[in-house]
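The values are calculated or read from the model by the stated rules, or taken from the named source; none is laboratory data. Computed from a prediction, not measured in an experiment: that's the story for all the values here. Glycine also receives a Cβ, built like all others from the backbone with ideal geometry; neighbour counts cover every protein chain displayed. Just so you know, the surface numbers come from the protein's heavy atoms only, side chains and all, with ligands and any DNA or RNA stripped out. Shrake-Rupley method; radii C 1.70, N 1.55, O 1.52, S 1.80 Å.
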Amino acid sequence: MSTPHSSSTSSVPHRASPPQIPPSLTLAPTASSASPSSSSASGMRDAAEDDSDSPPSQMSEDDPGGGGDRWEPDLRGGNNGGGGRWAPPDQVLENVLETVLEFLTAARDRNAASLVCRSWYRAEAQTRRELFIGNCYAVSPRRAVERFGGLRAVVLKGKPRFADFSLVPYGWGAYVSPWVAALGPAYPRLERICLKRMTVSDDDLALIAKSFPLFRELSLVCCDGFSTVGLAVIVERCRHLRVLDLIEDYLEDEEDELVDWISKFSESNTSLESLVFDCVSVPFNFEALEALVARSPALRRLRVNHHVSVEQLRRLMARAPQLTHFGTGAFRSEGAPDGGLAVTELATSFAAARSLVCLSGFREVDPQYLPAIYPVCAKLTSLNFSFASLTAAELKPVIRNCTNLRTFWVLDTVGDEGLRAVADTCSDLRELRVFPLDASEDSEGSVSDVGLQAISEGCRKLESILYFCQRMTNEAVIAMSKNCPELVAFRLCIMGRHRPDRVTGDPMDEGFGAIVMNCKKLTRLSVSGLLTDKAFAYIGKYGKLIKTLSVAFAGNSDMSLQYVFEGCTKLQKLEVRDSPFTDRGLLSGLNYFYNMRFLWMNSCRLTMRGCKDVAQQMQNLVVEVIKDHSEDEGEAEIVDKLYLYRSLAGPRNDAPPFVTLL
């Protein structure tokens, strides 16, 4: 979730003989160790890549290569008179290895195992059950299905993350169609698909329902292109469906094409475990949902949209007291001001929800109903108020009951006073996200350094923070670095351009420098405000574990990028916007791009010539130049947006006219 209203693989040096290993195909990110000068490339991590695109040889490296017959051992204990044929020793070893690898689930371990030799490579491919691809253009669908033979789950990502901020033009790509077409014939026993920032059509959903008779789980996160027509096909045909999670998606429904998709769930489906559709903005058949919930005893997660009133919430909770995660929808009454549901009645329903640990929704919250959730507050470990425009006075009575919170999302309308209440109560908090009600650069903003410092003093176990504000000081950021040394992700978004320390007027260099110096586990960092090259020198020197770096309105010369490229040896993703970096800064990364998953730059000072230089010198990289307006004709010298990534598949063939592939 990027705003409240929106929401890899192992690397190896080049070898002459081992098989091609597309590292984009992993379960989770892993560290990279390839040489910067390696000729290998992938959209996610370094990979050994031979000239040929053919699969690896079936001969084991331990095979002497002789052409004669080999004897099979008599595993039943026969005499040694030579009556049986002996199986190849390497075949026995591969069988044992496959059995062992079935228990190996960590992506890093599996990637390492696949690099040992050809037989290990084959065994790992045949036993892998879940495939993660961090960039749908990093490898072709054909190559993926050729390597992995027994997948049960596929996780696929598409557009760059800045699509969440509307910085990737509509129609850019990331179509799931070729993937679904390839997965269907290859994996008839596929059970789970998770897509993020992909363009998914109703036809794609229909093909998924047709191709996988045992299909159980579909998660669409920040996706677009489909409608209730496609959802109806999925829920009607997938009789074994257990999970349908629609998270921050954009549905393209026309008023006259709406389908009563909830009613299409098969009455024989009683195994539903998770149903999330709070982003589906159109009305639905509530009675059908109530019946579905009633016949789903295993349902643990339910998040409804804003068309559900508190009266209907109470009915749902009575049908599913076993819920652990609940999204409340609007959280307002549908009756007259004096004739709605009583708060005490709703509180009774929440009191009966003994398993509830995660609460979200509150999209059109009526503050008078907030006391109804008091009975569950002490059990909550996660609370999401990022759609609720609450004041500090409205938040404090709730948050003071939430003594066990570990995750809290909230709008900045609560102000510094509301954050102080969080700090006073939630000492076990691990993740905090503070979103802006108004994300414009010239907005006033309701939280500041005061709230941040209070959080650092009260929530010392904090591991991840996303904080949007307009006013900040080095002192507050330094205090957080000292009070919260366990931070893994620190994302401070000062929305105004080039904002200095609000008290001293100095750049924010020392604050961010303290973060990278004192937070030894930091892997994700977002910087903004008035920053000079000095801040990036700190990041390069101390940010040795940083994998994702986002830069906005920062830096004063190309040395900033050079410090990052040379110092952040584990960097995988670099996102830069509205910063004064030129071709020189871009070219300073030539020796490091092969170790990265992608580089995104927009509204900088790049030229077409500089981008072409990168494309010419880095043959295994895909360099995309994206125009802001598709109607622009000709080749502009100044580049609007640059997206650079590694790919085993080469340049894609579905680029729209406003994308130039170099």
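Entry remark, the stretch 261-309: residues being part of a strand (DSSP E or B) and among the polar types (S, T, N, Q) number 1 in total.
The set of residues in the stretch 420-458 being in a loop (DSSP other than H, G, I, E, B), more than 21 Å from Thr391 (Cβ to Cβ) and in contact with a helix residue (DSSP H, G or I) (Cβ under 6 Å, 6 or more places away or on another chain) is empty.
Among the residues making up the stretch 643-662, those that are among the aromatic types (Phe, Trp, Tyr) and surrounded by 21 or more Cβ atoms within 10 Å (Cβ to Cβ) are Tyr643, Tyr645.
Which one is farthest from Gly327 (Cα to Cα), of the residues in the stretch 354-374 that are open to solvent by 60 Å² or more (accessible area, probe 1.4 Å) and over 24 Å from the mean Cα position of the chain (by Cα)?
Checking each candidate, the answer is Gln368.
If you check Val434 against the conditions, is it surrounded by 20 or more Cβ atoms within 10 Å (Cβ to Cβ), under 23 Å from Phe326 (Cα atoms) and touching an Asp or Glu at 6+ places or on another chain (Cβ under 6 Å)? In short, yes. In the stretch 267-285, the condition of being under 24 Å from Pro178 (Cβ atoms) and at pLDDT below 95 is met by no residue. Residues in the stretch 531-557 that are under 22 Å from Ser603 (Cβ atoms), at pLDDT 95 or above and surrounded by fewer than 23 Cβ atoms within 10 Å (Cβ to Cβ): 5 in all. Please find, within the stretch 71-112, the residue that is modelled with the lowest pLDDT out of those that are among the aromatic types (Phe, Trp, Tyr) and in contact with a Phe, Trp or Tyr (Cβ under 8 Å, 6 or more places away or on another chain). Ranking the qualifying residues of the stretch 71-112, first place goes to Trp71. Of all the criteria given as (1) part of a helix (DSSP H, G or I); (2) open to solvent by less than 10 Å² (accessible area, probe 1.4 Å), the one not satisfied by Leu207 is (2). For the stretch 459-478, the tally of residues that are within 16 Å of Leu522 (Cβ to Cβ), open to solvent by 10 Å² or more (accessible area, probe 1.4 Å) and not in a loop (DSSP other than H, G, I, E, B) stands at 2.
Being assigned to a loop (DSSP other than H, G, I, E, B), touching a His at 6+ places or on another chain (Cβ under 9 Å) and of a type outside the set (A, V, I, L, M, F, W, C) narrows it down to one residue among Gly529, Gly555; which is it?
Criteria check complete, one pass: Gly529.
Listed by position, the helices (runs of 4 or more DSSP H) enclosed by the stretch 105-172 that each have at least 2 residues that are within 24 Å of the chain's Cα centre (by Cα) are 107-114, 141-147.
Cβ-Cβ contacts under 8 Å between residues 6 or more apart (or on different chains), taken from a first residue in the stretch 483-501 that is over 18 Å from Ile539 (Cβ atoms) to a second residue that is open to solvent by 30 Å² or more (accessible area, probe 1.4 Å) and among the polar types (S, T, N, Q), are listed as Met495/Ser440. Against the test of being modelled with pLDDT of 95 or more and crowded, with 19+ Cβ neighbours inside 10 Å, the options Leu156, Leu115 yield a single qualifying residue, Leu156. Of all residues in the stretch 173-194, those satisfying the criterion of being of a type outside the set (Gly, Ala, Ser), open to solvent by less than 30 Å² (accessible area, probe 1.4 Å) and not in a helix (DSSP H, G or I) are Val176, Tyr187, Leu190, Ile193, Cys194. Any residue in the stretch 331-344 that is out of contact with any Ser or Thr (no Cβ under 6 Å at 6 or more places or on another chain), at pLDDT 95 or above and open to solvent by 60 Å² or more (accessible area, probe 1.4 Å)? Within the stretch 331-344 (the criterion being out of contact with any Ser or Thr (no Cβ under 6 Å at 6 or more places or on another chain), at pLDDT 95 or above and open to solvent by 60 Å² or more (accessible area, probe 1.4 Å)), the answer is no, since none of the residues qualifies. Residues that are out of contact with any strand residue (DSSP E or B) (no Cβ under 9 Å at 6 or more places or on another chain), in a loop (DSSP other than H, G, I, E, B) and open to solvent by 10 Å² or more (accessible area, probe 1.4 Å): does the stretch 235-252 have at least one? Yes: one or more hits.
Determine, yes or no, whether Phe490 is open to solvent by less than 50 Å² (accessible area, probe 1.4 Å), farther than 16 Å from Leu530 by Cα and modelled with pLDDT of 95 or more.
yes
Evaluating Glu510 against the criteria (1) at pLDDT 95 or above; (2) surrounded by fewer than 22 Cβ atoms within 10 Å (Cβ to Cβ); (3) not in a helix (DSSP H, G or I) leaves one unmet condition, (3). Taking the residues in the stretch 296-312 that are open to solvent by 60 Å² or more (accessible area, probe 1.4 Å) and among the charged types (D, E, K, R) as candidates, determine which candidate is nearest to the chain's Cα centre (by Cα). Across the stretch 296-312, the extreme among qualifying residues is Arg301.
Look at (1) in a helix (DSSP H, G or I); (2) within 30 Å of Glu510 (Cα to Cα); (3) polar (S, T, N, Q) and you find that Asn591 fails only one, number (1). Going through (1) within 22 Å of Asp583 (Cα to Cα); (2) in a loop (DSSP other than H, G, I, E, B) one by one, Leu549 falls short only on (2). Within the stretch 409-424, if we keep just the residues that are under 15 Å from Leu462 (Cβ atoms) and under 27 Å from the mean Cα position of the chain (by Cα), the residue that is most open to solvent (accessible area, probe 1.4 Å) turns out to be Trp409.
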